[in-house]
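One structure is given below, encoded as structure tokens.
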Amino acid sequence: MPYYMSIIVKKETEYKTTKSWNPFVGCSFRCIYCKPSFQDLIAWVGRMHHCKRCQHYSPHAHPKRLTKIPPDRALFVCEDGDIAFAHPKFMERVFRAMRADKKKDRVWFVQSKDPVCLGKYLGLLPENTYLLTTLETNRDAGYDSISRAPKPSVRYNDFLGLKWDKKMVTVEPILDFDLPIFTKWIESIKPKTVFIGYNSRPKAVTLPEPEKKKTWQLIHHLESAGIRVLKKEMRDKRVKKKAYRDFSS
């Protein structure tokens, strides 16, 4: 789960004290844009907690955290990793802990770059859970040089096929795309919200990015279709992040 999302929620929504809950940490998709930002942050957290596996971002569980759910109303579940690499039996324990939670108005967020893994857990999820995946582009060609995650077309079809009505899409860092196809993809998912932003570490890693004009056209089409778009890193000082007040609507 992208770290920036928890920051956005803290600053720009009614959930002022949103936290992440990380009974599972780590990922092996090796996205080239992740290392200079998110993974370095988790390594720092790992050093603080004296966890070598966190420092190396190796997929691993923290069972003791299952009983330490933060009190905040909105929680990102396993934000510091990708649950595609978690043992299914352990994730069942995570989702059962969520269902047993006494805070019934809680809002949960669960994300994976391999959304097919979410399918087997749908029966365990609390009703007020939002499922997310990242779609940086619609183009499969050359994606292997970016990430070991399933190619965008596979990810799109898997996420589209999930029988769950609360979905969100993160388009960050945005990669060059084909406007008609990508617009159709996102609209067909019917997400409650789409997060869009450029690579936040352009000096550390170079990505095949779209021209800003095309990105703004994508945003316009999505907003015209009634989809809420939250803009993150647009590299435009005139842009202010749009308020995003209610995840539960």
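Specify the residue that is farthest from ALA97 (Cα to Cα); the eligible residues are those in region 124-156 that are in contact with a helix residue (DSSP H, G or I) (Cβ under 7 Å, 6 or more places away or on another chain), assigned to a helix (DSSP H, G or I) and among the hydroxyl-bearing types (Ser, Thr, Tyr). Going through the qualifying residues, I end up with TYR143. For region 125-142, the tally of residues that are surrounded by fewer than 19 Cβ atoms within 10 Å (Cβ to Cβ) and either under 17 Å from CYS27 (Cβ atoms) or of a type in the set (S, T, N, Q) (or both) stands at 1. Could you tell me which residue of region 143-167 is nearest to PHE76 (Cα to Cα), considering only residues that are surrounded by 15 or more Cβ atoms within 10 Å (Cβ to Cβ) and among the small types (Gly, Ala, Ser)? Among those residues, the one meeting the criterion is ALA149. Among the residues of region 94-123, those identified as buried (at least 16 other Cβ atoms within 10 Å of the Cβ) and in a helix (DSSP H, G or I) are VAL94, PHE95, ALA97, MET98, PRO115, VAL116, CYS117, LEU118, TYR121.
Can you go through SER58, SER6 and tell me which one is surrounded by 17 or more Cβ atoms within 10 Å (Cβ to Cβ) and either in a helix (DSSP H, G or I) or at pLDDT below 90 (or both)?
Details: SER58 fails: surrounded by 17 or more Cβ atoms within 10 Å (Cβ to Cβ).
None of the others qualify; the one that does is SER6.
Restricting the first member to region 130-147 and to residues that are under 16 Å from ILE196 (Cα atoms), and the second to residues that are acidic (Asp, Glu), the beta-carbon pairs closer than 9 Å and six or more apart or on different chains are THR133/ASP114; THR133/ASP158; THR134/GLU172; GLU136/GLU172; THR137/ASP176; THR137/ASP178; ASN138/ASP178. Taking every residue in region 218-233 that is closer than 14 Å to SER188 by Cβ and pairing it with any residue that is among the acidic types (Asp, Glu), at least 6 positions away or on another chain, the pairs with Cβ-Cβ distances below 9 Å are HIS221/GLU187; LEU222/GLU187; ALA225/GLU187; ILE227/GLU187. For beta carbons closer than 8 Å, sequence separation of 6+ or different chains, a first residue in region 163-174 that is under 21 Å from CYS31 (Cβ atoms) and a second that is aromatic (Phe, Trp, Tyr) and surrounded by fewer than 19 Cβ atoms within 10 Å (Cβ to Cβ), the qualifying pairs are GLU172/TYR4. Return the residue satisfying two criteria in turn: it lies in region 181-224 and is among the aliphatic types (A, V, I, L, M) and under 22 Å from ARG235 (Cα atoms), and of such residues it is surrounded by the most Cβ atoms within 10 Å (Cβ to Cβ). The qualifying residue surrounded by the most Cβ atoms within 10 Å (Cβ to Cβ) is VAL194.
Scanning region 90-129 for residues that are within 16 Å of TRP164 (Cβ to Cβ) and of a type in the set (Gly, Ala, Ser) returns SER112, GLY119, GLY123.
When you scan region 149-158, do you find a residue that is at pLDDT 95 or above and either touching a Pro at 6+ places or on another chain (Cβ under 8 Å) or over 22 Å from ILE174 (Cα atoms) (or both), even just one? Within region 149-158, one or more residues are at pLDDT 95 or above and either touching a Pro at 6+ places or on another chain (Cβ under 8 Å) or over 22 Å from ILE174 (Cα atoms) (or both). The criterion of being more than 30 Å from LYS104 (Cβ to Cβ), β-branched (Val, Ile, Thr) and not in a helix (DSSP H, G or I) holds for VAL205. For region 225-238, filtered to residues that are surrounded by 14 or more Cβ atoms within 10 Å (Cβ to Cβ) and of a type in the set (D, E, K, R), the residue that is modelled with the highest pLDDT is ARG228.
Of all residues being among the basic types (Lys, Arg) and assigned to a loop (DSSP other than H, G, I, E, B) in region 68-93, which is nearest to the chain's Cα centre (by Cα)? Just the residue, please.
If we filter region 68-93 for residues that are among the basic types (Lys, Arg), which is where we start, we get 68, 73, 89, 93.
Checking the rest, the ones that are also assigned to a loop (DSSP other than H, G, I, E, B) come to 68, 73.
Working: LYS68: 22, ARG73: 18 Å.
Once the filter is applied, the top-ranked residue is ARG73.
The values are calculated or read from the model by the stated rules, or taken from the named source; none is laboratory data. Quick caveat: nothing in here was measured; it's all calculated off a predicted structure. Quick reminder, even Gly has a Cβ in these numbers, built from the backbone with ideal geometry, and neighbours come from all protein chains shown.
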